[in-house]
1. For residue 101, indicate whether it is more than 25 Å from residue 19 (Cα to Cα), surrounded by 15 or more Cβ atoms within 10 Å (Cβ to Cβ), modelled with pLDDT of 95 or more and small (Gly, Ala, Ser).
2. If residue 89 meets every condition in (1) surrounded by fewer than 17 Cβ atoms within 10 Å (Cβ to Cβ); (2) closer than 30 Å to residue 4 by Cα apart from one, which number is that one?
3. I need a count of the residues in the range 70-105 that are more than 22 Å from residue 49 (Cβ to Cβ) and small (Gly, Ala, Ser).
4. Would you confirm, using the coordinates I've provided, whether residue 20 is assigned to a helix (DSSP H, G or I), aliphatic (A, V, I, L, M) and crowded, with 18+ Cβ neighbours inside 10 Å?
5. In the list 107, 111, which residue meets the criterion of being touching a Cys at 6+ places or on another chain (Cβ under 8 Å), in contact (Cβ under 8 Å) with a residue 60 or more places away in the chain and surrounded by 13 or more Cβ atoms within 10 Å (Cβ to Cβ)?
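The values are calculated or read from the model by the stated rules, or taken from the named source; none is laboratory data. On a predicted model such as this, the values are computed, not experimentally measured, just so you know. Ideal geometry is used to build each Cβ from the backbone, glycine not excepted, and the neighbour counts take in all protein chains shown.
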Amino acid sequence: MELNATTQKTNLLQIISYYAVVIALVLIFIPSAYMKLTNAEAIVNNFSKWNMLDLKNTVAIVEIVGVLLLLIPRTAFLGCIVLSGIMGGAIYTHLSFQEPAYFPIAIFLVIWINYLFIKPKKVSA
């Protein structure tokens, strides 16, 4: 009986941890997409500097789609792949222009560590 209570506490903590990280990712990607869609000056300057101004809105929409997929448990893996693609592109772009890529690398790692190691696994009875 004690083992079952401990397992339930661990599973609850794992669920809370997983969704806390997912919410943090939402709070990173949604404002980023919003700034791209509303043509924030810093975003427009960066995308112009990278010669990618025509991709700005596409990147924003893909970020939103990735976040929505991440929020749905059945499509979380697909969301991880979509957001990893965005982060991979960000890493490549930053490194191509000799800019620090620490933030996109960290976000990429958080996405996959959360999905692979923190996401609760289904338990069959």
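1. Here the answer is yes, as residue 101 does meet what is asked.
2. (2)
3. Of the residues in the range 70-105, 3 are more than 22 Å from residue 49 (Cβ to Cβ) and small (Gly, Ala, Ser).
4. No, not satisfied.
5. 111
Conditions tested, residue by residue: (1) charged (D, E, K, R); (2) over 30 Å from residue 117 (Cα atoms); (3) part of a helix (DSSP H, G or I); (4) touching a Pro at 6+ places or on another chain (Cβ under 7 Å).
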site: 30; (1), (2), (3), (4): no, no, yes, no
site: 33; (1), (2), (3), (4): no, no, yes, no
site: 43; (1), (2), (3), (4): no, yes, yes, no
site: 54; (1), (2), (3), (4): yes, yes, yes, no
site: 58; (1), (2), (3), (4): no, yes, yes, no
